[in-house]
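Asks: Pasting a structure below so you can have a look.
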Amino acid sequence: MDGKIIVPLLTVKKASGSSWLCQYQNQTGHICQMTDLLYTEKDLVTSLKDYIRAEENKLERVKRWADKLDLLTATATQDPEGFLGHPVNAFKLMKRLNTEWGDLESLVLSDTTDGFISNLTIQRQYFPTDEDQTGAAKALLRLQDTYRLDANTISVGNLPGVKHKSHMTVEDCYELGKIAYSEADYYHTELWMAQALKQLDEGEQSTFDKVTVLDYLSYAIYQQGEIERALGFTKRLLELDPEHQRAKGNSKYFEFQLEKQRKALEVETEKQKERGKRETSEKKKPKEKKPKEKNPKHQIPERTKYQMLCRGEGIRMTPRRQSRLFCRYYDNNHHPMYVLAPVKQQDEWDRPYIVRYLDIISDKETERVKQLAKPRLRRATVHDPQTGKLTTAHYRVSKSAWLTGYEDPMIEKINQRIEDLTGLEMDTAEELQVANYGVGGQYEPHFDFGRKDEPDAFKELGTGNRIATWLFYMSDVAAGGATVFPDVGAAVWPQKGTAVFWYNLFASGEGDYSTRHAACPVLVGNKWVSNKWIHERGQEWRRPCGLSENE
């Protein structure tokens with residue numbers, strides 16, 4: 001035994017050319033462009049059916065010819081001389097063999113694929129790449145982790161809020177497991193190869209056999225340190241294919257490693273026994289009892305809190321704090337625009353203070369904003385704290401576009417509404433950003449404002465730090481997609497036509513670190529939002545500086 005393991009072979013095909021869905025390069029699905037793919041596929045199906053009809057027509061003509069000749073030759077061969085004694089029969093035989101069989105040959109050889117193939121070639125330039133497919137798979141795995149979905153639930157399509165239930169085949173599960181394997185993600189490799197095996201065991205027909213699935217499954221389990229389980233699946237593989245060379249090598253290696261572990265355990269057990277004997281033979285002096293150190297409060301990792309809030313779990317506000325949250329008709333200190341028609345405002349959270357405005361953007365405005373944004377949607381960016389410039393980041397997975405007030409009166413009207421309700425200057429604010437989060441789209445925990453260690457975060461804008469955030473929800477989301485604040489336990493759920501507002505900075509200009517927030521992955525549906533980042537400059541008289549740091 002040389003101590004080496006034979007691993008499953010996997011060829012990973014690299015994507016060539018540019019990716020059709022740049023958001024899938026970063027694991028998300030942008031719905032408005034993916035709908036184009038659906039129509040592309042529909043067009044290809046129509047083209048394919050035209051090809052099938054042409055082939056069926058050709059075969060029908062050949063069949064009629066064959067049936068006619070079958071009847072003719074059956075009659076002729078019963079009395080060949082008598083049949084050919086008729087001059088017309090002799091002429092027609094010459095004609096058939098010299099001309100008609102040649103025509104039939106041309107018919108059989110005629111190519112009816114031209115229309116379908118040319119259409120397929122044209123449409124292929126819009127197809128997703130391998131990289132896009134990998135991105136889609138990663139988005140699905142991210143949803144699985146965030147919302148604690150087991151592989152079977154996803155495979156049978158039992159997701160909350162779904163309208164169009166979709167079942168995953170063995171091939172789908174296998175492909176997902178293989179993509180995870182290529183990323184050295186053996187945890188998800190095991191989950192999806194096990195699901196593929198389960199469906200095969202249940203009798204589902206597939207182009208993949210159990211041997212192939214078991215090969216990946218056993219190795220993924222081994223990589224997670226569970227040698228005994230890996231050996232069990234390898235033995236099952238060998239029952240199906242006793243001559244499988246890789247499995248035979250792996251089986252010997254696993255048995256070798258288990259024996260090695262067993263011997264090491266025996267040695268360690270003997271050592272413990274020896275130490276026990278020495279301790280009992282010695283007289284122990286009484287030791288002074290040291291006061292037990294109090295365990296520091298268990299801190300839940302931010303990612304865990306984030307995922308819990310996305311699932312609707314986690315910290316709950318106390319009844320006393322909750323009793324201080326109200327809803328009201330709001331006119332922003334008798335603003336002329338809202339004295340006669342105040343807006344509905346409700347408190348979402350107390351610290352940080354987050355408010356929601358209801359029925360604050362109409363369906364007509366929402367559709368116009370989306371219409372303006374769709375042609376410009378690009379991979380969303382974040383401010384690089386080192387350079388102060390915009391750049392893409394793996395933790396922000398969406399597509400966004402920026403809309404200015406001077407290009408459409410409706411955008412200017414929306415900007416003015418934000419100014420009237422917040423009392424803050426919009427001339428120094430960033431343009432209205434529209435973002436679309438498809439399935440799996442997210443924005444992991446982040447601050448909207450620049451911290452002290454990021455002095456150049458917004459230097460190029462020249463408008464100071466981001467003092468506040470205004471966020472419109474322009475769609476309902478079937479499942480997922482909440483805006484969560486992990487540090488304080490707040491979760492704000494999308495509700496079409498509403499907007500939420502909070503201050504990122506205290507009145508003193510210091511950052512409010514409790515405003516760290518995230519956009520949860522969209523589990524089912526399509527999330528449209530638009531936001532306005534409001535800056536410090538111009539707010540000197542509208543929001544005077546506080547006297548204390550946290551005021």
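Asks: Find the relative contact order for the chain and round it to a whole percent, using C-alpha pairs within less than 8 Å whose residues are 6+ positions apart. Walk me through the numbers on the way to the answer.
Replies: Working: 850 pairs, mean separation 80.9, N = 551.
After rounding, I find 15 percent.
Asks: So what's the gap between the Cα centers of region 130-204 and region 41-75, to the nearest angstrom?
Replies: With region 130-204 and region 41-75 each reduced to a Cα centre, they are spaced 41 Å.
Asks: Mind checking the dipole of the chain: about its Cα centre, +1 per Lys or Arg Cβ, -1 per Asp or Glu Cβ, Debye to the nearest 20? Don't jump to the answer; show the numbers that get you there.
Replies: On the way: 80 positive and 82 negative charges, 498 e Å.
Here the chain has a charge dipole of around 2380 debye.
Asks: Okay, helix-only estimate at 222 nm for the chain: each DSSP H run of n ≥ 4 adds -39500 (n - 2.57), divide by all residues, round to 500 deg cm²/dmol; what do you get? List each step's numbers first, then the result.
Replies: On the way: 16 runs with 235 residues, N = 551.
The per-residue figure over the chain is -14000 deg cm²/dmol.
Asks: Filter Lys344/Lys413; Lys210/Lys252; Lys178/Lys235; Lys413/Lys459; Lys165/Lys364; Lys305/Lys459 down to the pairs with a C-alpha to C-alpha distance above 23 Å, please.
Replies: Numbers: Lys344/Lys413 19 Å; Lys210/Lys252 21 Å; Lys178/Lys235 21 Å; Lys413/Lys459 28 Å; Lys165/Lys364 30 Å; Lys305/Lys459 32 Å.
Those over the limit are Lys413/Lys459; Lys165/Lys364; Lys305/Lys459.
Asks: Spin-label point model (7 Å from Cα, Cβ direction): what's the Glu430 to Ala264 distance in nm?
Replies: With each label placed 7 Å out from Cα toward Cβ, I get 5.1 nm.
Asks: Return a single number: how many Lys pairs in region 27-100, at a sequence separation of 8 or more or on separate chains, have alpha-carbon atoms below 29 angstrom apart.
Replies: Count of close lysine pairs: 11.
Asks: Next question. If you look at just the Cα atoms of region 31-125, how large are its Rg and its Dmax in Å?
Replies: My reading of the Cα-based Rg and Dmax gives 22.1, 75 Å.
Asks: How large is ³J(HN,Hα), in whole Hz, for each residue of region 527-540 in order, when computed from phi with the Karplus curve 6.51 cos²θ - 1.76 cosθ + 1.60 and θ = phi - 60°, using x for Gly and Pro?
Replies: Values per residue, Gly and Pro as x: 10, 10, 9, 9, 9, 10, 8, 9, 9, 5, 4, x, 9, 4 Hz.
Asks: Determine which residues of region 73-112 fall in the zone a paramagnetic label at Val62 would reach in this model, i.e. backbone nitrogen under 17 Å from the point 7 Å along Cα→Cβ.
Replies: Answer for this model: 100-112.
Asks: What is the distance in Å between the Cα centres of region 522-546 and region 446-466?
Replies: After rounding, the separation between the Cα centres reads 14 Å.
Asks: Related question: Hey, with R₀ at 30 Å, roughly what FRET efficiency would Thr404 and Met337 work out to, going by the Cβ-Cβ distance, to 0.05?
Replies: Numbers: r = 22 Å, r/R0 = 0.74.
So the FRET efficiency works out to roughly 0.85.
Asks: Which aspartates and glutamates does Lys263 reach when only Cα atoms under 14 Å apart count, and residues fewer than 8 places away in its own chain are ignored?
Replies: Straight-line reach from Lys263, under 14 Å: Glu255.
Asks: Determine which residues of region 509-551 fall in the zone a paramagnetic label at Phe447 would reach in this model, i.e. backbone nitrogen under 19 Å from the point 7 Å along Cα→Cβ.
Replies: Once the point is set 7 Å along Cα→Cβ of Phe447, 509-519, 533-537, 546, 548-551 turn out to lie under 19 Å by backbone N, inside region 509-551.
Asks: Also: Based on the Kirkwood radius over alpha-carbon pairs, what is the Stokes-Einstein translational diffusion coefficient of region 130-257 at 25 °C with 0.890 mPa s viscosity, in µm²/s? Provide the component values of the computation, followed by the final result.
Replies: On the way: Rh = 15.2 Å.
This corresponds to a translational diffusion coefficient of 161 µm²/s.
Asks: Taking a point 7 angstrom from the Cα of Arg537 along the C-beta vector, which residues in region 428-468 have backbone N less than 16 Å away?
Replies: The answer is 428-431, 450, 456-468.
Asks: For Cα pairs less than 8 Å apart in space and 6+ apart in sequence, what is the mean separation divided by the residue count of region 74-189, i.e. the relative contact order in percent? Numbers along the way, then the final one.
Replies: Numbers: 36 pairs, mean separation 14.3, N = 116.
So the answer I get is 12 percent.
Asks: Send over a whole-number figure in Å² for the accessible area per residue of the chain, probe 1.4 Å. Mind showing how you got there, number by number?
Replies: Numbers: 31860 Å² over 551 residues.
I get 58 Å² per residue for the chain.
Asks: May I pose another question? Give me the aspartates and glutamates in straight-line cross-link reach of Lys527: C-alpha distance below 15 Å, same-chain residues under 8 apart excluded.
Replies: Cα-Cα hits under 15 Å: Asp363, Glu367, Asp476.
Asks: In addition: Please compute the Kirkwood hydrodynamic radius over the chain, one decimal place, Å, based on all pairs of different Cα atoms. Don't skip to the answer; put the middle values down first.
Replies: Details: mean 1/r = 0.0336 Å⁻¹.
By the Kirkwood definition, the hydrodynamic radius is 29.8 Å.
Asks: Among rounded, prolate and oblate, which fits region 451-527 when a ≥ b ≥ c are the square roots of the eigenvalues of its C-alpha gyration tensor, a/c under 1.5 means rounded, and a/b larger than b/c means prolate?
Replies: On the way: a/c = 2.32, a/b = 2.00, b/c = 1.16.
Prolate shape, in that a/c is at least 1.5 and a/b is the bigger ratio.
Asks: Helix 31-76 versus the longest principal axis of the chain: what angle, 0 to 90°, nearest 10, using Cα atoms?
Replies: 10 degrees
Asks: How high is the FRET efficiency between Lys95 and His164 when r is their beta carbon distance and R₀ equals 56 Å, given to the nearest 0.05? Write down the numbers at each step before the final one.
Replies: Working: r = 59 Å, r/R0 = 1.05.
For R0 = 56 Å, the calculated efficiency reads 0.45.
Asks: Just the C-alpha atoms of region 316-535: what Rg/Rh do they give, with Rh taken as the Kirkwood radius?
Replies: Values: Rg = 16.7 Å, Rh = 17.9 Å.
Taking Rh as the inverse mean 1/r over Cα pairs, Rg/Rh reads 0.94.
Asks: Moving to a separate point now. Got a sec to turn the phi values of region 309-322 into Karplus ³J(HN,Hα) couplings, 6.51 cos²θ - 1.76 cosθ + 1.60 with θ = phi - 60°, whole Hz, x for Gly and Pro?
Replies: Whole-Hz 3J(HN,Hα) from phi for region 309-322: 5, 4, 8, x, 10, x, 5, 10, 6, 5, x, 5, 5, 5.
Asks: Given a cut-off of under 8 Å on Cα pairs at least six residues apart, what relative contact order in percent is computed for region 130-257?
Replies: Relative contact order, region 130-257: 16 percent.
Asks: With a 1.4 Å probe and all protein chains kept in place, how do Leu461, Leu149 rank by accessible area, largest first?
Replies: Working: Leu461 75, Leu149 30 Å².
Of Leu461, Leu149, the descending order of accessible area is Leu461, Leu149.
The values are calculated or read from the model by the stated rules, or taken from the named source; none is laboratory data. As the structure is a prediction and not an experimental result, all values here were calculated from the model. Cβ coordinates were reconstructed from backbone atoms using ideal geometry, including for glycine residues, and neighbour counts include every protein chain displayed. Surface accessibility is based on the protein's heavy atoms, side chains included, excluding ligands, DNA and RNA. Shrake-Rupley method; radii C 1.70, N 1.55, O 1.52, S 1.80 Å.
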